[in-house]
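The values are calculated or read from the model by the stated rules, or taken from the named source; none is laboratory data. Source: prediction; values computed, not measured. Note that we place each Cβ from the backbone using ideal geometry, even for glycine, and neighbour counts take in every protein chain shown. Surface accessibility is based on the protein's heavy atoms, side chains included, excluding ligands, DNA and RNA. Shrake-Rupley method; radii C 1.70, N 1.55, O 1.52, S 1.80 Å.
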Amino acid sequence: MSMSNLSRRSFVGLSGSAAAILGLGLVGCGGGSNSSDGAKAVSAEPQNGTPANTPLDKLPLPEKGKVYNNPQKRDNVKDGGTLVLPSGEIGPAWNYLSVDGNTQEMHNLWDFYMPTYIFLTDATASKFEPNPDFITEATTEMKDGKQVVHYKLNDKARFNDGTPIDYRAYKAVWTVMNGTDEHYTPAATDGYDRIESVERGDSDYDVVITMKNPVYPAELLFTYVLHPDATDYDKYNSFNNNPHSDDWGYGPYKIESFDTTQCKFVPNPNWWGDKPKLDSVTFKQMDSQALFNAFKNGEIDATGTAQSGSKEMLSNFLDMKDAEVRRSDSASVANIELNSTRGALKDKAVRKAFTQCLYMPTILSVVYQGVNWKEETPGSLLTPIWADGYENCMPSDVSDLKDAASHTAAAKKTLEKAGYKLKGDYYEKDGKTVSFSFTTFGDSNTVKNRAAAVIKMAKDAGMKVSEDNHPASEFSDVLTGGNWDATLFGWVSTAISSWNGPQIYGKDSASNFTHLGSKELDEELGKVIEIEDHDEQIKALNKAEKKALESYGFIPVYAGADVVVTKKGLANYGPALYQSVRSEDIGWQKK
């Protein structure tokens with residue numbers, strides 16, 4: 001719904017575009033006709049989506065740079081009503097700014113009670129402006145040789161405990177996110193580590209941010225605020241099973257009740273902005289198949305976090321006349337990451353061979369079997385294929401491989417060159433077989449099929465890979481716990497993803513789950529944020545990312561579509577690229 005300056009991971013169980021997507025395969029992905037007795041095919045996707053009973057092989061492709069969330073002005077959205085949505089997980093780590101809580105699902109929850117849209121951006125991030133509910137004016141200047149950012153704040157803004165949202169709330173964000181204090185666990189330090197000071201200006205509602213090194217665009221350093229009390233070490237760590245809605249919340253909604261199975265939001269009486277359109281918003285934790293059944297039975301109003309829209313997903317809804325399929329290009333990339341501290345994957349040659357053996361069109365065909373979708377294999381975790389400045393940053397000994405056979409042959413050659421010998425079906429060296437596990441999440445057929453395909457491609461190249469499956473609800477705990485060899489999840493890009501190279505690829509970044517990297521690469525990635533010209537900034541990012549991907553620990557798999565299926569009439573909800581959508585504007589269309 002909104003842009004933040006954190007690249008965030010999210011679980012893609014059945015077919016998501018921004019999360020842990022493990023597994024794939026060559027078998028069927030679920031039942032249901034994909035071509036007959038449905039609605040007539042349409043040539044262009046309407047912004048409110050396509051009828052769900054449209055033949056899946058006739059679904060129109062989205063237009064570049066366009067949103068598909070049924071955009072409606074507030075005066076055409078009803079006052080009142082309820083919204084019930086699914087969530088892959090609800091807590092227990094409620095601190096979105098921390099490594100443990102930095103997930104797409106938590107981002108979705110925060111936007112209702114702790115908004116991350118203090119700056120508003122359009123769909124392609126070609127322009128941005130401060131949200132007047134928080135910042136009335138934002139300027140940047142050079143003063144005494146240093147870059148200085150100046151925010152003038154809305155003096156009506158308050159946390160739910162009555163504490164003013166003044167310069168201290170911005171200083172609190174910097175304090176916990178700059179990476180200099182080991183008591184905090186920031187998901188990313190990008191930008192914040194370049195701030196020299198955050199101070200009071202002419203009043204408490206003037207924020208003066210002085211930079212040690214320049215950052216561009218500097219205005220977007222702060223896309224959320226944090227209660228000053230959260231800088232207390234003990235209180236900072238109190239987010240576990242505690243969303244802090246009643247005291248630290250500051251959004252249009254507050255949390256009425258929650259546990260790990262559900263979370264209910266109601267309008268916040270302390271909110272100073274436009275009145276929320278809905279009487280309540282409830283998130284319910286559920287895995288993919290339960291989610292689909294719940295939507296068909298009318299228990300939820302949409303399929304929730306965008307998924308990539310496989311036949312297994314969409315065939316569930318072919319008999320629904322009052323539902324809409326909303327598809328856009330994806331702002332995220334599914335990737336496989338390899339834990340370089342584990343077993344065979346310590347060897348770069350094994351990581352390279354595994355990277356080479358994967359033929360991504362096979363994976364894409366599994367996900368989109370029977371569904372109209374086309375894309376090229378992505379070559380970046382930071383810049384979407386559809387974005388300006390995109391380059392394929394994968395090493396040429398991967399990207400130049402043209403078919404499945406050449407991928408398999410290249411992988412075998414890499415292993416043999418490194419001294420591995422084929423014994424039976426698998427290569428070995430020093431008496432040890434090249435073997436490792438592939439961790440997957442969720443119970444869908446698509447997850448199982450994708451995993452089967454990955455395992456088969458590895459076996460064809462002489463590597464023994466076994467599946468290690470977990471419930472979707474365990475995604476964050478397993479990933480951050482590090483007890484896995486290889487796993488597939490996704491990174492959601494942001495409007496300023498050029499900042500996020502150090503977060504994903506930084507040698508000591510808590511969000512670098514591969515544990516690969518170098519000081520030299522860190523320095524190069526760190527300089528990207530200092531380049532004022534956007535085109536030159538992206539060129540520098542591409543150059544650095546090419547070096548990062550030479551570690552063969554990060555493997556872009558596919559981008560896919562961002563797909564949400566909703567009940568007809570749900571307004572301002574669905575895939576919207578980088579566009580900021582205020583949660584108070586979501587509701588049911590009048591006409």
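Ligands, DNA and RNA left out, the 1.4 Å accessible surface of region 119-235 is 43% carbon and sulfur atoms. Rank Thr377, Leu479, Phe112 by how far each Cα sits towards the positive end of the charge dipole of the chain (+1 on Lys, Arg Cβ; -1 on Asp, Glu Cβ) and give me just the farthest. Looking along the dipole axis, the top candidate is Thr377.
In a simple Cβ point-charge model (Lys, Arg +1; Asp, Glu -1; nothing else charged), the chain has a dipole of about 1860 debye relative to its Cα centre.
With all protein chains kept in place, the per residue accessible area of the chain amounts to 37 square angstrom at a probe of 1.4 angstrom.
Calculated mean residue ellipticity, 222 nm, the chain: -6000 deg cm²/dmol, from DSSP H runs (n ≥ 4) at -39500 (n - 2.57) each, averaged per residue and rounded to 500.
The GluC sites (Glu not before Pro) of region 490-591 that DSSP puts in a loop, and whose beta carbon has at most 14 other beta carbons within 10 Å, are Glu532. Computed from the C-beta positions of Glu532 and Asn293 and an R0 of 51 Å, the FRET efficiency is 0.50 to the nearest 0.05.
Cα-based values for region 178-324, radius of gyration first and Dmax second, are 20.8, 62 Å. When region 119-235 is described by a simple charge dipole with +1 on each Lys and Arg Cβ and -1 on each Asp and Glu Cβ, the residue from Ser197, Pro164, Asn213 located farthest towards its positive end is Asn213.
Dividing the mean sequence gap of close Cα pairs (under 8 Å, 6+ apart) by how many residues region 377-522 holds gives a relative contact order of 21 percent.
Taken as Cα centroids, region 281-354 and region 570-591 sit 21 Å apart, rounded to the nearest whole angstrom. Considering all alpha-carbon pairs of region 332-559, what whole percent are spaced by more than 33 angstrom? Beyond 33 Å sits 14 percent of the P(r) for region 332-559. Each Lys or Arg adds one and each Asp or Glu subtracts one; over the other residues with Cβ under 14 Å from the Cβ of Ser308, this totals +1.
Of the beta bridges in region 324-475, as assigned by DSSP with both residues counted there, near 40 percent are antiparallel. Solvent-accessible surface (1.4 Å probe) assigned to Arg342 amounts to roughly 70 Å².
Under a model in which nothing but the beta-carbon of Lys, Arg (+1) and Asp, Glu (-1) is charged, region 119-235 shows a dipole of about 180 debye around its Cα centre.
Seen from every direction in turn and averaged, the convex hull around the alpha carbons of region 298-350 projects onto 6.6 nm². Among the chymotrypsin sites (Phe, Trp or Tyr not before Pro) within region 446-550, not one is in coil by DSSP while having at most 12 neighbouring Cβ atoms inside 10 Å. Once C-alpha pairs closer than 8 Å and six or more residues apart are averaged by separation and normalised to the residue number of the chain, the relative contact order reads 29 percent.
According to the square roots a ≥ b ≥ c of the eigenvalues of the Cα gyration tensor, what is the shape class of the chain, taking rounded for a/c under 1.5, prolate for a/b larger than b/c otherwise, and oblate for the remainder? Because a/c hits 1.5 or more and a/b fails to exceed b/c, the chain counts as oblate. At an R0 of 41 angstrom, the distance between the Cβ atoms of Lys73 and Ser466 translates into a FRET efficiency of 0.20.
When peptides 162-175, 356-369, 135-148, 300-313 are sorted by average Cβ neighbour count within 10 Å, with the highest value leading, the order is 300-313, 356-369, 162-175, 135-148. Fraction of C-alpha pairs exceeding 14 angstrom in region 393-445: 66 percent, rounded to a whole number. Among 449-457, 555-563, 77-85, sorting by the average number of other beta carbon atoms lying within 10 angstrom of each residue, highest first, gives 555-563, 449-457, 77-85. Peptide packing for 55-62, 428-435 was compared via the average number of neighbouring C-beta atoms within 10 Å per residue; ordered from the highest value, the list is 55-62, 428-435.
Summing Cβ point charges (Lys, Arg +1; Asp, Glu -1) relative to the Cα centre of region 332-559 gives a dipole of roughly 1140 debye.
When Asp468, Asp155 are compared by accessible area of protein heavy atoms, the largest-first order is Asp155, Asp468, using a 1.4 Å probe.
For region 348-355, putting each phi into the Karplus relation 6.51 cos²θ - 1.76 cosθ + 1.60 with θ = phi - 60° gives couplings of 4, 4, 5, 4, 5, 5, 5, 4 Hz, in residue order, rounded to whole numbers and with x for Gly and Pro. Using only the Cα atoms of region 119-235, build the gyration tensor, take square roots of its eigenvalues as a ≥ b ≥ c, and label the shape rounded, prolate or oblate: rounded if a/c is under 1.5, else prolate if a/b is larger than b/c, else oblate. Rounded is the answer for region 119-235, as its axis ratio a/c remains below 1.5. Think of region 478-564 as a dipole: +1 on every Lys or Arg Cβ, -1 on every Asp or Glu Cβ, centred on the Cα centre; then among Val492, Thr514, Leu549, Thr514 lies furthest on the positive end.
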